[in-house]
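In what follows, a structure is listed as structure tokens, so that the remarks can point back to it.
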Amino acid sequence: MKKMSGKIIVIVAPSGSGKSTLITRLKKEFNELVESISFTTRPKRPGENEGKHYHFITVDEFKNKIKENDFLEWAEVHSNFYGTSKKFVQDMLNSGKNILFDLDTQGTDALKKNFGDVASSIFIAPPSIEELEKRLKARGTESEQVIKRRIENAKREMLRQDDYDYKVLNNDLEEAYNQLSKLFKKILGQ
Ligand code: ADP
Ligand code: 5GP
């Protein structure tokens, strides 16, 4: 059988920019897209499920996977480890599936380096750091201290906002969604 190669779309955005909200809707519209479920050592948030949002593992398990060369890329983000399964990505691409990723700037850079034009990257920007802080506080899933760390990282990540293939501003949610939906159609050739 001829091997087909799928496409990769990477969403990169600071925590609190609205990425998960937008991705949840995109997955419904583009239901043929498979999502790369990362491994992480961060604690599960209320409402998150094993194998759906992440594979939740211990630091020892994560380190073992690094040793076994199981990750296509991995990074330490907000003091937790996150990594992408090499086998999952290879299997999906070989069977012609298109894959959606939600990664930080380091992971996005690694994928672009590895896959070149097969991978399209989209940066989702919040209207401002102040608004991002408001959204993180309103979400209420992290402690004050964790939110502070995420905001510091967001400031750094915002410096990279023009380094990716596309940028979408998430001020008005509907507008941001429509822009993203159009972009996905273009990238996927629909
Ligand atoms: P991320 O996955 O980027 O960390 P979320 O999708 O969890 O962000 O969004 C953070 C919070 O902001 C959530 O409570 C979400 O409902 C809210 N939110 C998302 N987009 C918008 C928007 N355009 N305007 C106002 N609030 C938003
Ligand atoms: P969260 O804890 O909010 O789910 O994710 C924190 C950050 O880690 C986000 O920027 C998210 O995109 C990133 N992330 C999630 N999975 C991976 C991964 O496998 N690799 C990398 N490099 N970043 C990831």
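The values are calculated or read from the model by the stated rules, or taken from the named source; none is laboratory data. This one's a predicted model, so the numbers in the text were calculated from it and none came from an experiment. No Cβ is skipped: glycine too gets one built from the backbone with ideal geometry, and neighbour counts run over all protein chains shown. These area figures cover heavy atoms from the full protein model, side chains too; ligands, DNA and RNA do not enter into them. Shrake-Rupley method; radii C 1.70, N 1.55, O 1.52, S 1.80 Å.
So here's what we get for this one:
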| read-out | value |
| --- | --- |
| Ellipticity estimate at 222 nm from DSSP helix runs (n ≥ 4, -39,500 (n - 2.57)) divided over the chain, nearest 500 | -13500 deg cm²/dmol |
| Semi-axes of the equivalent ellipsoid for the stretch 71-130, Cα gyration tensor, largest first, Å | 23, 15, 10 |
| Karplus 3J(HN,Hα) series, Hz, for the stretch 71-82 with 6.51 cos²θ - 1.76 cosθ + 1.60 (x for Gly, Pro) | 9, 6, 7, 8, 8, 9, 10, 6, 6, 10, 9, 9 |
| Low-density loop positions, GluC sites (Glu not before Pro), the stretch 1-102 - DSSP coil, at most 11 other Cβ in 10 Å | Glu32, Glu68 |
| Relative contact order, percent, the chain [alpha-carbon distance under 8 Å, six or more residues apart] | 32 |
| For the chain: accessible area per residue (Å², 1.4 Å) | 55 |
| Gaussian network model of the chain, springs between alpha carbon atoms under 10 Å - residue of Thr40, Thr105, Thr24 with greatest fluctuation | Thr24 |
| Over the stretch 55-120, relative contact order from alpha-carbon pairs under 8 Å, at least 6 apart, % | 22 |
| Amide hydrogen neighbours beyond the local backbone of Leu169, cut-off 5 Å, H modeled | Ala125 |
| The chain: most fluctuating residue of Val168, Val34, Val59 per GNM, C-alpha cutoff 10 Å | Val59 |
| Within the chain, percent of DSSP bridges classed antiparallel, to nearest 5 | 30 |
| Value of relative contact order over the stretch 65-172, rounded to a whole percent, pairs C-alpha under 8 Å and six or more apart | 26 |
| Rounded percent of accessible protein surface that carbon and sulfur make up, the chain, 1.4 Å probe | 49 |
| 10 Å-binned pair-distance histogram of the chain (Cα, whole percent) | 9, 36, 39, 15, 1, 0 |
